[in-house]
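A.B. asks: The structure's right below; bear with me while I get my questions together.
The values are calculated or read from the model by the stated rules, or taken from the named source; none is laboratory data. Everything numeric in this text was worked out from a predicted model, so none of it was measured. When we count neighbours, we look across all protein chains shown, and the Cβ atoms used for this are built from the backbone with ideal geometry, even at glycine. Only protein heavy atoms, including side chains, enter the accessible area calculation; ligands, DNA and RNA are left aside. Shrake-Rupley method; radii C 1.70, N 1.55, O 1.52, S 1.80 Å.
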Amino acid sequence: MYLRHLQVTDFRSWPQADLALEPGPTVLVGQNGRGKTNLLEAIGYVATLGSHRVATDAPLIRHGCERALVRVAVVNDDRELTVELEITAGRANRARVNRGAVGRPRDVLGILRTVLFSPEDLALVRGDPGERRRFLDELLVLRAPRYAGVRADYEKVLKQRNALLKTAGKRRTGREDPYALSTLEVWDDHLAVAGAELLTARLNLVADLAPHAASAYMGVAPDSRPAKITYRSSLGATLPETYGVPDGERAQPEVLKDVLLKALGEARKAELERGISLVGPHRDELELILGEAPAKGYASHGESWSFALALRLGSYELLRAEAGEPVLLLDDVFAELDRKRRARLAEVAASAEQVLVTAAVDEDVPGELAGTRFVVADGEITRG
């Protein structure tokens with residue numbers, strides 16, 4: 001898989017940008033603040049329908065404009081597809097594939113797959129659990145686009161259930177409200193169904209990703225403590241051993257639905273008192289372990305960078321092993337890495353079908369990635 005063409009209109013700082021691309025390494029060089037990262041962000045947005053820098057779409061639209069456009073031509077197994085996304089503030093976004101409208105923007109997911117490593121990835125190790133849950137869910141969607149719908153369904157049910165919990169809590173005057181409680185039971189079932197499917201997918205993903213991440217960490221930090229990732233659920237002690245999954249087998253949503261329903265029943269009183277859902281995948285954590293200690297709070301700066309890099313390289317290797325190579329995007333990261341980590345990342349990147357690298361100066365880019373070079377300056381992109 002590779003990108004043959006990128007075009008953006010009124011995206012971030014770019015009124016217009018047009019970039020013809022080829023397989024192999026492509027380097028975008030320019031001073032900070034010239035829009036290099038914005039171009040990689042646009043590519044990543046097509047792959048995930050989200051930005052690695054902001055939580056909402058509004059900042060992606062150039063100041064003073066009503067909408068932004070991103071168009072890409074993607075070649076996969078000698079077949080080319082053109083994807084166009086129209087990002088509009090305050091309204092639903094629209095998408096086209098080969099000039100034909102699709103029902104929902106998420107219908108384009110899977111056409112382009114990317115793995116992006118950026119300075120923001122340090123938050124995967126040092127940030128709150130939401131950063132790591134987002135990492136897992138975005139990787140789920142890259143792996144199987146249908147999980148975008150599963151994730152959306154779960155978030156919708158969670159929002160409705162939280163609203164009911166707040167209402168039921170306000171109405172309580174020492175006596176239970178039969179209507180509110182019976183309605184809550186219906187939403188319990190909805191949450192358990194959607195939550196079990198999302199939890200099953202996450203558990204199986206972590207099981208598959210773990211050896212890739214551990215191997216990648218060993219490669220970039222061979223002198224450090226061994227690294228591992230595990231999934232910790234909010235279900236806690238109510239969850240059967242290994243989340244109800246016999247050793248060597250895959251998680252199944254039917255089993256986890258029953259476990260979720262039981263946990264929701266046990267948490268009912270506390271949830272009504274607090275007016276919020278206390279059980280479910282939205283409360284779970286991807287634990288990053290170095291040796292016997294959690295990476296967060298115990299890892300050095302170098303170890304934190306190594307773990308963040310290992311998660312991205314592990315993701316890349318997992319996707320590559322399952323369904324062909326994704327496009328690798330490296331946003332100004334070589335300047336942040338020491339010699340060993342730069343060499344390991346360059347080794348993996350050089351073997352990729354396509355890798356796009358941004359850097360402030362040429363010296364930051366390893367020689368193995370000295371492919372096609374573009375200079376980004378003064379709102380223009382020139383080949384150099």
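A.B. asks: If a residue must be within 18 Å of GLY44 (Cα to Cα) and either in contact with a Ser or Thr (Cβ under 7 Å, 6 or more places away or on another chain) or part of a helix (DSSP H, G or I) (or both), how many such residues does the stretch 134-152 contain?
C.D. replies: Residues in the stretch 134-152 being within 18 Å of GLY44 (Cα to Cα) and either in contact with a Ser or Thr (Cβ under 7 Å, 6 or more places away or on another chain) or part of a helix (DSSP H, G or I) (or both): 12 in total.
A.B. asks: Restricting the stretch 318-355 to residues that are surrounded by fewer than 19 Cβ atoms within 10 Å (Cβ to Cβ) and of a type in the set (D, E, K, R), which is farthest from LEU124 (Cα to Cα)?
C.D. replies: Looking at the filtered set, the residue picked out is GLU353.
A.B. asks: Moving to a separate point now. In the stretch 356-380, which residue that is assigned to a helix (DSSP H, G or I) and open to solvent by less than 50 Å² (accessible area, probe 1.4 Å) is nearest to GLU303 (Cα to Cα)?
C.D. replies: ASP364
A.B. asks: If you don't mind, another one. Taking the condition of being in a loop (DSSP other than H, G, I, E, B) and on the phi < 0 side of the Ramachandran plot, how many residues in the stretch 31-60 meet it?
C.D. replies: 11
A.B. asks: Regarding the stretch 169-187, can at least one residue be identified that is basic (Lys, Arg), in a helix (DSSP H, G or I) and either at pLDDT 95 or above or more than 27 Å from the chain's Cα centre (by Cα) (or both)?
C.D. replies: Residues of the stretch 169-187 basic (Lys, Arg): 170-172, 175.
Within this subset, residues satisfying the condition of being in a helix (DSSP H, G or I) are 170-171.
Still in the running and either at pLDDT 95 or above or more than 27 Å from the chain's Cα centre (by Cα) (or both): 170-171.
Among the residues of the stretch 169-187, at least one is basic (Lys, Arg), in a helix (DSSP H, G or I) and either at pLDDT 95 or above or more than 27 Å from the chain's Cα centre (by Cα) (or both), which makes the answer yes.
A.B. asks: How many residues does the stretch 50-89 hold that are small (Gly, Ala, Ser), touching a residue at least 40 places away in the same chain (Cβ under 8 Å) and open to solvent by 40 Å² or more (accessible area, probe 1.4 Å)?
C.D. replies: 0
A.B. asks: Out of ALA237, ALA251, report the one residue that is modelled with pLDDT under 90, hydrophobic (A, V, I, L, M, F, W, C) and outside any helix (DSSP H, G or I).
C.D. replies: Values: ALA237 fails: outside any helix (DSSP H, G or I).
None of the others qualify; the one that does is ALA251.
A.B. asks: Which of the residues spanning the stretch 366-376 are among the aliphatic types (A, V, I, L, M) and under 12 Å from LYS36 (Cβ atoms)? Walk me through how you get there before you give the answer.
C.D. replies: Step one: of the stretch 366-376, the residues among the aliphatic types (A, V, I, L, M) are 369-370, 375-376.
Of everything in the stretch 366-376, those that are among the aliphatic types (A, V, I, L, M) and under 12 Å from LYS36 (Cβ atoms) turn out to be VAL375, VAL376.
A.B. asks: Scan ALA346, ALA308 and give me the residue that is touching a residue at least 40 places away in the same chain (Cβ under 8 Å) and either assigned to a helix (DSSP H, G or I) or closer than 12 Å to PRO25 by Cβ (or both).
C.D. replies: ALA308
A.B. asks: Can you tell me which residue among ILE87, ILE111 is part of a loop (DSSP other than H, G, I, E, B) and under 22 Å from the mean Cα position of the chain (by Cα)? Let's see the steps before the verdict.
C.D. replies: Numbers: ILE87 fails: part of a loop (DSSP other than H, G, I, E, B).
So the residue among ILE87, ILE111 that is part of a loop (DSSP other than H, G, I, E, B) and under 22 Å from the mean Cα position of the chain (by Cα) is ILE111.
Results for (1) more than 12 Å from ILE381 (Cβ to Cβ); (2) open to solvent by 10 Å² or more (accessible area, probe 1.4 Å), shown as yes or no for each residue.
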| site | (1), (2) |
| --- | --- |
| ARG4 | yes, yes |
| THR9 | yes, yes |
| ARG12 | yes, yes |
| ALA20 | no, yes |
| GLY24 | yes, yes |
| GLN31 | yes, yes |
| ARG34 | no, yes |
| LEU40 | yes, no |
| THR48 | yes, yes |
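A.B. asks: Regarding LEU203, is this residue assigned to a helix (DSSP H, G or I) and either modelled with pLDDT of 95 or more or basic (Lys, Arg) (or both)? Walk me through it before giving the result.
C.D. replies: Working: assigned to a helix (DSSP H, G or I): yes; either modelled with pLDDT of 95 or more or basic (Lys, Arg) (or both): no.
Judged against the criteria, LEU203 is not a match.
A.B. asks: Additional query: Scan the stretch 1-36 for residues that are of a type in the set (Phe, Trp, Tyr) and over 23 Å from the mean Cα position of the chain (by Cα) and jot them down.
C.D. replies: Within the stretch 1-36, TRP14 is the sole residue that qualifies.
A.B. asks: Can you tell me which of (1) assigned to a strand (DSSP E or B); (2) under 24 Å from the mean Cα position of the chain (by Cα) is the one GLU80 doesn't meet?
C.D. replies: For GLU80, the failing item is (2).
A.B. asks: What is the number of the single condition among (1) within 19 Å of LEU199 (Cβ to Cβ); (2) surrounded by fewer than 18 Cβ atoms within 10 Å (Cβ to Cβ); (3) among the hydrophobic types (A, V, I, L, M, F, W, C) that ALA163 does not meet?
C.D. replies: The one condition ALA163 does not meet is (1).
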